[in-house]
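Got a structure here, written out as structure tokens. Questions coming.
The values are calculated or read from the model by the stated rules, or taken from the named source; none is laboratory data. Remember, predicted model here, so these are calculated numbers, not experimental data. Positions of Cβ are backbone-derived with ideal geometry, glycine not excepted, and every protein chain shown enters the neighbour counts.
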Amino acid sequence: MQCTSGGLSFYGVQLNFNPASLGNGWSLCYNDTYAVAMNSTLLSNILSICNKQKLMLGCSPVGSIPLTVAAMGLRNDVLYNCSTSTNCTHVANGVGWYFSFDYSWGFVNSTDDVYRFECDELQVNSSNRLCWHTLDYYVGGYRCGATLGLNGDLTFQRVIYHAN
């Protein structure tokens, strides 16, 4: 594990991450399944609830204690607006972040490329990738690590933690 910036708890993308190891100050601010459409209205609500300066995104099968994949960063980095660019990432804390209110939200390892056709479809280091649709007409998200095609899936969950 390398040094983190901004007082973050870990560096880079984590696999099989137990949120209990986050420590004091971190709390779950959002949890749902991939069956819930993360449209602009819901996304605005999520960002008003998850309003602290550090964010951690993760996913796993529903009921699983370790998250399949997780990454954290400072709010401005995690919410870096890539609009609808297919290959945009913003690297911070060892993670390549992308976000858009009307396309997708996710991350990859800092050295990996993305191909966002709305969600990231690349298979290189697939276990280190997360992507959620943020389009009004899509249901849920697309990937939790190497598991793809999760649109409308009730068996996988999305989580967001936050801290100051």
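When you go through (1) over 15 Å from the mean Cα position of the chain (by Cα); (2) farther than 16 Å from Val159 by Cβ one by one for Leu42, which number turns out not to apply?
In the conditions (1) over 15 Å from the mean Cα position of the chain (by Cα); (2) farther than 16 Å from Val159 by Cβ, Leu42 misses (2) alone.
Could we say that Ile65 is out of contact with any Leu (no Cβ under 6 Å at 6 or more places or on another chain), assigned to a loop (DSSP other than H, G, I, E, B) and farther than 16 Å from Val108 by Cβ here?
Values: out of contact with any Leu (no Cβ under 6 Å at 6 or more places or on another chain): yes; assigned to a loop (DSSP other than H, G, I, E, B): yes; farther than 16 Å from Val108 by Cβ: yes.
Taking the combined requirement at face value, the residue satisfies it.
Just to be sure I understand the filter: pairs with C-beta atoms under 9 Å, separated by 6 or more residues or on different chains, first member in the stretch 46-73 and buried (at least 24 other Cβ atoms within 10 Å of the Cβ), second member among the hydroxyl-bearing types (Ser, Thr, Tyr) and part of a helix (DSSP H, G or I). Which pairs pass?
Once the first residue is buried (at least 24 other Cβ atoms within 10 Å of the Cβ) and sits in the stretch 46-73, its partners that are among the hydroxyl-bearing types (Ser, Thr, Tyr) and part of a helix (DSSP H, G or I) give Val69/Ser127.
Tally up the residues in the stretch 38-62 that are hydrophobic (A, V, I, L, M, F, W, C) and more than 21 Å from Tyr137 (Cα to Cα), please. Write out each step before concluding.
Going residue by residue through the stretch 38-62, those that are hydrophobic (A, V, I, L, M, F, W, C) are 38, 42-43, 46-47, 49-50, 55-57, 59, 62.
Now drop any that are not more than 21 Å from Tyr137 (Cα to Cα), which leaves 49-50, 55-57, 59, 62.
Residues that pass the stated criteria total 7.
Within the stretch 14-35, track down each residue that is in contact (Cβ under 8 Å) with a residue 60 or more places away in the chain, more than 20 Å from Val95 (Cβ to Cβ) and not in a loop (DSSP other than H, G, I, E, B).
Hits for the stretch 14-35 are Ser27, Asn31, Asp32, Thr33.
Same structure, new question: Can you tell me which residues in the stretch 36-63 are modelled with pLDDT of 95 or more, small (Gly, Ala, Ser) and more than 21 Å from Val95 (Cβ to Cβ)?
Across the stretch 36-63, the qualifying residues are Ser44, Ser48.
Further question: Only one residue in Ser27, Ser48, Ser9, Ser60 is in contact with a helix residue (DSSP H, G or I) (Cβ under 8 Å, 6 or more places away or on another chain) and of a type in the set (Gly, Ala, Ser), so which one is that?
Numbers: Ser27 fails: in contact with a helix residue (DSSP H, G or I) (Cβ under 8 Å, 6 or more places away or on another chain); Ser48 fails: in contact with a helix residue (DSSP H, G or I) (Cβ under 8 Å, 6 or more places away or on another chain); Ser60 fails: in contact with a helix residue (DSSP H, G or I) (Cβ under 8 Å, 6 or more places away or on another chain).
Residue meeting the stated conditions: Ser9.
Let me ask you something else. Can you name the residue in the stretch 79-112 that is of a type in the set (Val, Ile, Thr) and in contact (Cβ under 8 Å) with a residue 24 or more places away in the chain and, of all such residues, is surrounded by the fewest Cβ atoms within 10 Å (Cβ to Cβ)?
At the first step, the residues of the stretch 79-112 found to be of a type in the set (Val, Ile, Thr) are 84, 86, 89, 91, 95, 108, 111.
Pick out the ones that are also in contact (Cβ under 8 Å) with a residue 24 or more places away in the chain and you get 84, 86, 89, 95, 108.
Numbers: Thr84: 12, Thr86: 15, Thr89: 22, Val95: 26, Val108: 25.
Of everything passing the filter in the stretch 79-112, Thr84 is surrounded by the fewest Cβ atoms within 10 Å (Cβ to Cβ).
Continuing with this model, one more query. Please find, within the stretch 13-37, the residue that is surrounded by the fewest Cβ atoms within 10 Å (Cβ to Cβ) out of those that are under 21 Å from Gly96 (Cα atoms) and touching a Gly at 6+ places or on another chain (Cβ under 9 Å).
Leu15
Here's another thing I want to ask about it. Please enumerate the residues belonging to the stretch 113-158 that are crowded, with 23+ Cβ neighbours inside 10 Å, free of Cβ contacts under 8 Å to residues at least 40 places away in the same chain and under 16 Å from Gly58 (Cα atoms).
Within the stretch 113-158, Cys119, Asp120, Cys131, Tyr142, Arg143 meet the criteria.
Looking at the stretch 77-84, can you tell me whether even one residue there is in contact with a Gly (Cβ under 7 Å, 6 or more places away or on another chain) and closer than 18 Å to Tyr161 by Cβ?
If we filter the stretch 77-84 for residues that are in contact with a Gly (Cβ under 7 Å, 6 or more places away or on another chain), which is where we start, we get none.
The answer is no, given that none of the residues of the stretch 77-84 is in contact with a Gly (Cβ under 7 Å, 6 or more places away or on another chain) and closer than 18 Å to Tyr161 by Cβ.
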